[in-house]
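Here's the structure, in structure tokens; my notes come after.
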Amino acid sequence: MKPLNVFDYRKLAKKRLPRGMFEYIDRGTEDEVLLGQIRHVLNSIKLNQYVLNDVSDPDVSATVFGEKITIPAIIAPTAVAGLVWHDGEVQVARAARNFGIPFCVATQSMTSMEQIAERAAGANLWFQLYVFEDRNLTRDLLRRAKDLGIRNLLLTADTARSPKKEWNTRNGFGIPIKPSLQGAMDVVMHPRWLTTVLLRYILTTGVPTYAHYPPEYRTKITRASIWDNVKLARRLTWEDAAEIRRLWEGNLVIKGVMAKSDAEKALKLGADGIVVSCHGGRNLDSAPVSINVLPEIKDTVGSRMTVLADSGIRRGSDIVKYMAAGADAVLLGRATLYGAAADGERGAADVLAILRDEIDHCMAFTGQNSFDRISRASIWREG
Ligand SMILES: Cc1cc2nc3c(=O)[nH]c(=O)nc-3n(C[C@H](O)[C@H](O)[C@H](O)COP(=O)(O)O)c2cc1C
């Protein structure tokens, strides 16, 4: 049956991927309280409905950092997207390019930024930075991104620890993947993934690795140990962010800002933007839902910097709600990953087309014909 929405793609992804891999993508941390709340909050936001406006051809595009994009969305950095489909990062980057939105390359991707730039030529690439313990390696990544002409850098600031993903531990799944009987059984039960993804890598480029790790530290993802130098920095402070600001000439966007005071600090250090993000419910289970803190953050810094936001977007109407709450654009994490896990580039492209269509419907039903007309006043309030 043809998938009609992101939830259908999620079901297909669940069938196709080994359980450990699917749950790595899909689930949250600890009690997964936040994961449930994100969807609950998005579902409970209601939009005002106005009638008899000309909504024959709504303009669903947006402009971010001076660039016009097809819908106000950027593909979020997602570590190991390359494992949901062979060459997953390139596939999703091509889908994003053809659709007309940026693709953010993750530090922990399976395919290097150079490879993605070459094989998805013409894609609008951003780069997401996780800071390594060895800051020289981080500087090296910045240089590589600059050499490729990447202009927008997302500095992920909300991952001070490796999060407690208990499902992954129970499934025996982690990154790097540790060989286990449970893991091997899981893979054998999903022969399509085994042959079209894992074996295809092994027979062509070898066991997949974190492509951005320098060769001398690079660890195959099946090996348990990672050199200390390429562990993510345990101590990452505003001074580090200021240092990155000095080094990076393009736009600097700090990802994971959830407090007004932090948004002000980001502005003060000269960041060009922030991502208001509760990391899709994957880090702090007790965090607030990002769309709930977005309005006050927008009011504090929104006229002076770009405010992006993410978490939980599965419908075009969710994007409209984020825009109404103050986002300049959103990041899409799992939505396009589900598409790619189900059908590679085609699946990711279809998810984007579905979201655009749903935005169009939502705009038409609410009586608005462009995002310029969407604001806090678009959100229905009782009384
Ligand atoms: C499988 C997976 C891997 C992720 N890896 C990263 C990462 O390496 N760096 C990062 O900043 N965010 C990462 N994220 C978080 C996303 O960038 C984004 O904030 C989040 O997925 C948004 O929520 P959503 O998936 O509900 O759309 C990851 C998310 C997923 C689902």
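Remark: VAL320, VAL330 ranked as VAL320, VAL330, counting other beta-carbon atoms within 10 Å and listing the fewest first. Using r as the Cβ-Cβ distance of ASN48 and LYS260, and R0 as 22 Å, what FRET efficiency do you calculate, to the nearest 0.05? Rounded to the nearest 0.05, the efficiency is 0.25.
Region 60-130 and region 337-360 have Cα centres spaced 14 Å apart.
Relative to the current alpha-carbon distance between GLU67 and THR195, full extension at 0.36 nm per residue lengthens the span by 42.1 nm. Starting from the Cα gyration tensor of region 10-80, take the square roots of the eigenvalues, sort them a ≥ b ≥ c, and report rounded, prolate or oblate (rounded when a/c is under 1.5, otherwise prolate if a/b is larger than b/c, else oblate). The shape class here is prolate.
Local charge for GLU243 was computed over the other residues whose Cβ lies under 10 Å away, with Lys and Arg +1 and Asp and Glu -1, and equals +2. Within the shell of other residues whose beta carbon sits under 11 angstrom from the beta carbon of GLY273, the net charge comes to 0, with Lys and Arg scored +1 and Asp and Glu -1.
Positive-end ranking of TYR210, GLY302, ASN292 along the dipole of region 6-378, with charges on Cβ about the Cα centre, is headed by TYR210.
The aspartates and glutamates within cross-link reach of LYS146, meaning a Cα-to-Cα straight distance under 14 Å and a gap of 8 or more places when in the same chain, are GLU114, GLU249. Taking trypsin sites (Lys or Arg not before Pro) across region 351-383, the ones in a DSSP loop with at most 14 further Cβ atoms lying within 10 angstrom of their Cβ are ARG381. Taking amide H as placed 1.01 Å from N in the peptide plane, ALA73 has its amide H under 5 Å from the amide H of VAL330, each at least 5 places away in sequence or on another chain.
Pairs exceeding a 25 Å alpha-carbon distance, out of LYS231/LYS260; LYS231/LYS321; LYS11/LYS165: LYS231/LYS260; LYS231/LYS321. Would you pull out the residues with amide H under 5 Å of ILE313's amide H, same chain only if 5 or more places away, H placed 1.01 Å from N? Amide H neighbours of ILE313: GLY333. Kindly list the residues of region 145-185 that lie in the label zone of VAL207, defined by a backbone N under 12 Å from the point 7 Å along the Cα-to-C-beta vector. Inside the label zone: 176-180. Taking a ≥ b ≥ c as the square roots of the Cα gyration tensor eigenvalues, region 330-383 comes out prolate, since a/c reaches at least 1.5 and a/b is larger than b/c. Close amide-amide hydrogen proximity is noted between THR78 and ALA106, each under 5 Å apart and 5 or more residues distant or on a separate chain (H modeled in the peptide plane; Pro and chain starts excluded).
Dimensions of the chain based on its C-alpha atoms, expressed as ranges along the principal axes with the largest first, amount to 60, 52, 41 Å.
Taken together, the values in this text are just the output of simple stated rules run on the coordinates, not laboratory data. These numbers were taken from a predicted model, which means no experiment stands behind them. Heads up, the Cβs are rebuilt from the backbone with ideal geometry, glycines too, and the neighbour counts pull from every protein chain shown.
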